[in-house]
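Reviewing the structure listed below.
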Amino acid sequence: MIPVASTDALVRAKPTIATLSEALGATEIFVYARADRQEAHSFHARMFAPEIGIVEDPATGSAAAAFAGVLARFEDLPDGWHTLPILQGVEMGRPSLIGLEVNIENGALAGARIAGKAVKISEGVLFV
């Protein structure tokens, strides 16, 4: 999880396999920035995992769930449920809005929920 200063910096992000593995010691990164106040979402994000065959992912539910821990640790959220939608996939022409709700109890993460919509692009049956 890597925060950047602005959505402009996020748009310019272009990590390489060498950057991820050598400089960061990672195979994937979730780069995020706070959205502008007038936006309908709270954060804008990009997920890169070229070392495992995903140059960029348009919507990463597992990263959004993990992001709840980052928000609980670094955002100083008051107790209660917080709705913090994440916009991802814009730069690759596949905008995705991921619903993220975070529950803080006694200053710590007590729960998280993620949601979103999907479009079926294929269907099949396997016979064994």
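Values in this text are rule-based calculations from the coordinates and carry no lab data. Quick caveat: nothing in here was measured; it's all calculated off a predicted structure. Note: ideal-geometry Cβ built from the backbone for every residue, glycine included; neighbour counts use all protein chains shown.
Hey, fewest Cβ within 10 Å first, where do Met92, Met47 land in order?
Values: Met92 13, Met47 20.
Lowest to highest Cβ neighbour count: Met92, Met47.
For the stretch 69-125, the extents of the C-alpha atoms along the principal axes are 46, 30, 14 Å, listed from largest to smallest. When peptides 32-39, 57-64 are ranked by their average number of other Cβ atoms within 10 Å per residue, the highest-first order is 57-64, 32-39. Separation of the stretch 1-56 and the stretch 73-118, taken as the distance between their Cα centroids, equals 16 angstrom.
Fully extending the segment from Glu75 to Val55 would add 4.3 nm, taking 0.36 nm per residue of separation and subtracting the current Cα-Cα distance. From its DSSP helices (H runs of at least four residues, each -39,500 (n - 2.57)), the chain gives a residue-normalised ellipticity at 222 nm of -4500 deg cm²/dmol. Look at His82, His44 and count the other Cβ atoms within 10 Å of each Cβ; fewest to most, that gives His82, His44. Taking the inverse of the mean 1/r over every pair of distinct Cα atoms in the stretch 10-64 gives a Kirkwood hydrodynamic radius of 12.0 Å.
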